[in-house]
Each structure stands twice: as structure tokens, then as C-alpha cells.
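The values are calculated or read from the model by the stated rules, or taken from the named source; none is laboratory data. These numbers come from a predicted model, not from an experiment. No Cβ is skipped: glycine too gets one built from the backbone with ideal geometry, and neighbour counts run over all protein chains shown. The area values use the complete protein model at the heavy-atom level, side chains included, leaving out ligands, DNA and RNA. Shrake-Rupley method; radii C 1.70, N 1.55, O 1.52, S 1.80 Å.
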Amino acid sequence: MTPSLDEGIVYEVIRSPRATADIVIERDGSLVVRAPEWADDAQIAAIVASRQYWIYRSLAEWRDLNATGVLREYKNGEGFLYLGRAYRLLLVADQDEPLQLKNGRFTLRRDLVDHGEIAAAKSAFRDFYIAKGTERLRGRVGYFAPKVGIEPAGIEVKELGHRWASCAASGKLAFHWKCMMAPQTVIDYIVVHELCHVHHRDHTDAFWNEVDKVLPDFAERKEWLRKNGAGLDV
Ligand SMILES: [Zn+2]
């Protein structure tokens, strides 16, 4: 997994048992080539070179979409997302949980941001999304798994770095807590996408056909995530 350099294009190579190579721009803007085990460095460099135009165009697009980073302030009135809707923040003196969503507002214990430290407030939001997400995603995975024809070994919601979701060889699915900021329709797309990876580890036509069978309008949901994914943060 050492980053490689090819005519100015920096990419990381991940080899695994698969039939074809797949080039993706990760959420952090890095370029990853998922390659079959038999492909040597020269073959991979040739694949990258053949898709140069697409790579440069996609990287430029990624920079445009990510030009405005998320800067949320932990103060009264600031909007925070949950299931695709923004709820205003209200700082409160005391409450049972560090962060709650009730009566159409996020209420956050004031002492968590008292000294201008936002780490505690950020983790209160993370914990909130993980708790809500674990329950909701378990339900959605339970709903979609029979449609895809698989039986997942369980789910987990956690920090996943630049990935929205992942699927372990054990059949256990993991979802990024940030998924909970997206609309339900987009969360369902992430769920179905990951479930289909149990059958197909790569993004071949066979994989997308499988997604399409369950969610015929998946392209719109996928596009929403591509455009708005960078804004899903706290
Ligand atoms: Zn995928």
C-alpha cells in the first residue's frame, strides 16, 4: 500500500483477488487503484495512463466540491444536520445527556464549549450519531439484506476515515457516523451499496446491476452524496 507516482499522478495501489482494476477518488481527494493480484506495477501504470483524462477531470471536480470546508460554530442558532435536515443548536446549562435532539432543536450542555474547546462538543455529536445510527442502520440493513439475498454478520457505526461504509470478509458491515447527517434516501443507498459488495467486491457492471435491482433510482442518491458528502461533518 505504498503511494506510487506515475507521470505526476500520485496514487495508492491496493491489490486483492478481483478480476478488473478500479480507480477511485477517495473522500480525502486521494487516488486509489484497486487492482487484481496478478497486475504488476507497469500494468497498473498503463491502466492509470489510459484513464488520465478521467482522473484529472475527477480531481478538479473534487477540488471544486471541497473548496468550502465545513466550519460549524458551537453557538446558539448554528445549524447541525440529522437525516438531511438542519436543526438549530441551543446551549443549555444542564441536561441528562451531553447532547439531545428534542422539540426540533439540538440541545448541547454549555460546559462542553465553555472554554472555547470544541473537542468535547464534537465528540458529543459523534456519540449522538453513533447511538442513533446503530439503531437506524441495523433496521435498514435488516430491511434490505433479504432483498439483496444476504445475511450480514452484524453492523457497527464508527469513525471510518474517508470511507462511508465498509464490508469485512467476516460479513460484518461498518458505517461512518457521518452517514447520519445525510437524508434517509441517501443512507439507504449507502446500505444497499455495501450489501451488494458482499456479492461483488468491486464496482463492475454486475455490481451496479445488483444495486439497480434494489434501488432503480440509485444514480440520483449517489450523485447527492458526491455533491454534498464534503458538507457532512461537525
Ligand atoms: Zn463501493
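A few comments on the model shown:
- In the chain, the longest principal axis of the Cα atoms and the axis of helix 184-199 are about 40 degrees apart.
- Nearest-0.05 FRET efficiency for E223 and K158, computed from C-beta distance (R0 41 Å): 0.95
- Counted residue by residue at 0.36 nm each, then reduced by the alpha carbon distance between them, the extension gain from T20 to Q95 reaches 21.6 nm.
- Candidates Y87, Y129, Y53: whichever shows maximal mean-square fluctuation once the chain is modelled as a Gaussian network with Cα springs under 10 Å: Y53
- In the chain, helices alone account for a calculated mean residue ellipticity at 222 nm of -13000 deg cm²/dmol, with every DSSP H run of four or more residues adding -39,500 (n - 2.57).
- Once divided by 2.2 N^0.38 Å, the Cα radius of gyration of the chain becomes 1.13.
- Long-range amide H partners of Y87 with built H, under 5 Å: F80, L81, Y82
- Once the Cα atoms are used to define both axes, helix 41-50 deviates from the longest principal axis of the chain by about 80 degrees.
- For the stretch 79-231, accessible area per residue (1.4 Å probe, heavy atoms of protein chains only), Å²: 51 Å²
- Each listed q (0.21, 0.24, 0.25 Å⁻¹) maps to a log10 I(q)/I(0) for the stretch 22-110 from the Debye sum over equal C-alpha point scatterers, namely -0.98, -1.13, -1.18.
- In this rough spin-label picture, where each label sits 7 Å from Cα along the Cβ direction, the E78-K122 distance is 1.1 nm.
- Counting protein heavy atoms only, the stretch 1-136 has 50 percent of its accessible area on carbon and sulfur, 1.4 angstrom probe.
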